[in-house]
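Step one of this worksheet: look at the structure below.
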Amino acid sequence: MYNVAVVGATGNVGRKFLEILEERNFPIKELILFASKKSQGKIMKFKGQDFIVEELCEENIKNKKIDFALFSAGGDTSLKFAPTFAKEGAIVIDNSSAWRMDPKVPLVVPEVNPEDIKWHNGIIANPNCSTIQAMVALKPLHDKYGIKRIVYSTYQAVSGAGIQGIKDLEEGLQGVAPKKFPYPIAGNILPHIDVFLDNGYTKEEIKMIEETKKILHDSTLKITATTARVPVLNAHSESINIELNTPFELQDIFSLFNSSKGLVVYDDTANLKYPTPLEFSGHDEVFVGRIRRDFSVDNGLNIWVVADNIRKGAALNAIQIAELMIK
């Protein structure tokens with residue numbers, strides 16, 4: 001049995017951590033909930049019991065003998081407090097972007113690169129939600145055929161922007177002006193996630209590019225990305241265009257995906273079957289459809305990938321990392 005801390009317990013992902021820990025019956029001896037000072041004293045339920053949220057501060061971390069600390073409290077909080085947990089003997093699994101590109105910190109998707117867990121120094125990073133679902137589909141292709149180039153186009157749900165992102169959509173449908181997004185999201189698409197960088201890309205786009213290279217251990221990959229926010233409550237969709245290094249038969253791609261861990265093929269165009277965010281929100285797996293050749297290049301492939309960004313894209317992936325470690 002393990003002592004587990006949830007850091008950022010009152011947020012979207014923090015609540016999902018608790019839900020999934022309960023669902024999967026994670027072997028918890030003691031559960032400790034942390035959040036900011038304003039959430040201190042809040043009561044949260046877990047397995048029918050009440051738990052009081054504690055303020056995240058050094059004195060509350062020390063002497064707790066925490067085994068796993070599941071973090072979803074933003075990058076600044078993680079940079080400040082993750083080393084304290086690690087120093088006290090906990091393994092931190094962090095959902096922010098703070099540690100992802102640190103060469104000393106593994107960036108892990110359990111179905112893709114579980115072996116990287118072995119070289120952690122107390123902190124393991126959870127990839128970006130949009131990267132996680134892409135990796136589950138791309139890793140088998142990279143292993144079998146080699147990947148030359150990837151073009152990402154994402155259609156990301158408002159839940160990825162937190163509770164205020166959801167409110168902007170719900171209230172926007174009633175004509176209320178947005179508070180989170182720069183423009184109304186209801187009935188709209190914003191080709192802008194995170195801040196713009198000097199090179200014209202957004203931070204989200206660069207995250208996908210760099211995280212893909214790190215997880216697949218291939219710095220030679222040519223990758224470009226456009227990430228967009230769409231008026232969907234939950235679950236991200238991605239159009240991924242891939243140029244493989246070697247020729248393929250389309251039927252072999254279907255067989256490969258069908259035998260890949262964590263991936264579900266949902267592709268029957270004759271019966272209009274393809275993954276949608278509405279249908280597959282709330283599911284653990286990554287769903288792939290619209291599998292077809294790109295005839296414009298040699299060895300080109302198009303796929304459409306959908307997954308729940310709060311479950312697989314955040315909370316579940318972190319808990320799967322902890323489960324791998326206790327095995």
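Key figures for this structure:
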{"item": "Qualifying positions in region 271-288 - touching a Gly at 6+ places or on another chain (Cβ under 7 Å), closer than 21 Å to residue 131 by Cβ and open to solvent by 40 Å² or more (accessible area, probe 1.4 Å)", "result": "285"}
{"item": "Region 100-115 - residue that is over 18 Å from residue 13 (Cα atoms) and either in contact with a helix residue (DSSP H, G or I) (Cβ under 8 Å, 6 or more places away or on another chain) or of a type in the set (Gly, Ala, Ser) (or both) and, of those, most open to solvent (accessible area, probe 1.4 Å)", "result": "101"}
{"item": "Count of residues meeting criterion [among the small types (Gly, Ala, Ser), open to solvent by 50 Å² or more (accessible area, probe 1.4 Å) and over 23 Å from residue 126 (Cβ atoms)] in region 29-79", "result": "1"}
{"item": "Number of the condition not met by residue 133 [criteria: (1) in contact with a helix residue (DSSP H, G or I) (Cβ under 9 Å, 6 or more places away or on another chain); (2) under 30 Å from residue 222 (Cβ atoms); (3) free of Cβ contacts under 8 Å to residues at least 60 places away in the same chain; (4) not basic (Lys, Arg)]", "result": "(3)"}
{"item": "Pairs, first under 22 Å from residue 231 (Cα atoms) in region 267-293, second assigned to a helix (DSSP H, G or I) and open to solvent by 40 Å² or more (accessible area, probe 1.4 Å), C-beta under 8 Å, six or more apart", "result": "290/269"}
{"item": "Selected residue (only one of 189, 193 is surrounded by fewer than 15 Cβ atoms within 10 Å (Cβ to Cβ), closer than 30 Å to residue 263 by Cα and of a type in the set (A, V, I, L, M))", "result": "189"}
{"item": "Within region 289-318, considering residues that are touching a strand residue (DSSP E or B) at 6+ places or on another chain (Cβ under 7 Å) and not in a strand (DSSP E or B), the one surrounded by the fewest Cβ atoms within 10 Å (Cβ to Cβ)", "result": "297"}
{"item": "Which listed residue is over 24 Å from residue 217 (Cβ atoms) and not hydroxyl-bearing (Ser, Thr, Tyr), from 79, 107", "result": "79"}
{"item": "Residue in region 127-142 that is open to solvent by 10 Å² or more (accessible area, probe 1.4 Å), modelled with pLDDT of 95 or more and over 21 Å from residue 227 (Cα atoms) present", "result": "yes"}
{"item": "Selection from region 216-232 of residues that are under 22 Å from residue 317 (Cα atoms) and touching a Lys or Arg at 6+ places or on another chain (Cβ under 8 Å)", "result": "216"}
{"item": "Among (1) outside any loop (DSSP other than H, G, I, E, B); (2) open to solvent by 20 Å² or more (accessible area, probe 1.4 Å); (3) of a type in the set (Val, Ile, Thr), the one test that residue 176 misses", "result": "(1)"}
{"item": "Residue within region 197-209 that is under 23 Å from the mean Cα position of the chain (by Cα), free of Cβ contacts under 8 Å to residues at least 60 places away in the same chain, part of a loop (DSSP other than H, G, I, E, B) and surrounded by fewer than 21 Cβ atoms within 10 Å (Cβ to Cβ) present", "result": "yes"}
{"item": "Region 211-270 - residue that is under 18 Å from residue 129 (Cβ atoms), of a type in the set (Gly, Ala, Ser) and not in a strand (DSSP E or B) and, of those, least open to solvent (accessible area, probe 1.4 Å)", "result": "235"}
{"item": "Tally of residues being in a loop (DSSP other than H, G, I, E, B) and of a type outside the set (A, V, I, L, M) across region 3-14", "result": "3"}
{"item": "Region 81-99: number of residues that are aromatic (Phe, Trp, Tyr) and either farther than 20 Å from residue 208 by Cβ or surrounded by fewer than 16 Cβ atoms within 10 Å (Cβ to Cβ) (or both)", "result": "2"}
{"item": "Hits in region 1-35 - residues which are without any contact (Cβ under 8 Å) to a residue 40 or more places away in the chain and touching a strand residue (DSSP E or B) at 6+ places or on another chain (Cβ under 7 Å)", "result": "1, 18, 22, 28, 29, 30, 31, 32, 33, 34"}
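The values are calculated or read from the model by the stated rules, or taken from the named source; none is laboratory data. It should be emphasised that the depicted structure is a prediction, and the values quoted were computed from it without experimental measurement. Positions of Cβ are backbone-derived with ideal geometry, glycine not excepted, and every protein chain shown enters the neighbour counts. We work out accessible area using only protein heavy atoms, side chains counted, and drop any ligands, DNA or RNA first. Shrake-Rupley method; radii C 1.70, N 1.55, O 1.52, S 1.80 Å.
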